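Enquirer: My questions will all concern the structure given below.
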Amino acid sequence: QLVAQRQDIMWALVAAQVVVGVMVLLGVLSLRLLRPIHRLKLQASTLAARESVPALVWRQRDELGQLGQHLNTVRARIQELFEKVHKVYDKEGYGTPAYVKAQHQLSEQLMTIRFTAKTIEKLCDMVRGQVDDVRKKERELRRIVVDKCGMPQEMFVKEFPPNLLNLK
């Protein structure tokens, strides 16, 4: 009887140790792996969406911390290159050598990023929407110039496309 009681107590202690061990392991796993991965995912999503957010502070010295710091560096570089493209566009216009160079630098930096299918689809939807907006504006402009101002349709079709991006 006494041996059976001690054996039950021993098994209860072993079970308690296993439960406590698993809880500690899950806590460490969550703290050291799952949370940093979640932070990296959020940081990558904001980068892909071009949202302006401050860089996250990564105190970890492991691979995840290094990856987070690298993501901060890439985000800052991309933001800098986008600003450069906008400044050159405002100063010199589209298609100038300086604009093409800035655009190429930005493209090179973006080529280092691998986007998920969901992000690519979102970006494609954005581009499709912008193309639709441009086409609506073109139709509206054609309606005004041809229908209201009396420019011949053939002349509009001939003259409009080459001057489409001429903002001067």
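Enquirer: How far, in degrees from 0 to 90, does helix 117-142 lean away from the longest principal axis of the Cα atoms of the chain, to the nearest 10?
Expert: Value to nearest ten degrees: 20.
Enquirer: Quote the Stokes-Einstein diffusion coefficient, in whole µm² s⁻¹, for the chain, based on the Kirkwood radius over alpha carbon pairs, a temperature of 4 °C and a viscosity of 1.567 mPa s.
Expert: Answer, rounded: 59 µm²/s.
Enquirer: Report in % the part of the accessible area of the chain that belongs to carbon and sulfur, leaving out ligands and nucleic acids; probe 1.4 Å.
Expert: That fraction is 62 percent.
Enquirer: If I model a spin label as a point 7 Å beyond the Cα along the Cα-Cβ vector, how far apart are those points for Ala76 and His104 in nm?
Expert: Each label point is offset 7 Å from its Cα along the Cβ direction, giving 2.6 nm.
Enquirer: Sticking with this one: On average, how much accessible surface per residue is there in the chain, in Å², for a 1.4 Å probe, leaving out ligands, DNA and RNA?
Expert: Result: 81 Å² per residue.
The values are calculated or read from the model by the stated rules, or taken from the named source; none is laboratory data. Predicted, not measured: the structure shown is a model, and the values here were computed from it. Please note: Cβ atoms are built from the backbone with ideal geometry, for glycine as well, and neighbour counts cover all protein chains shown. Side chains are part of the model used for accessible areas, which takes the heavy atoms of the whole protein and leaves out ligands, DNA and RNA. Shrake-Rupley method; radii C 1.70, N 1.55, O 1.52, S 1.80 Å.
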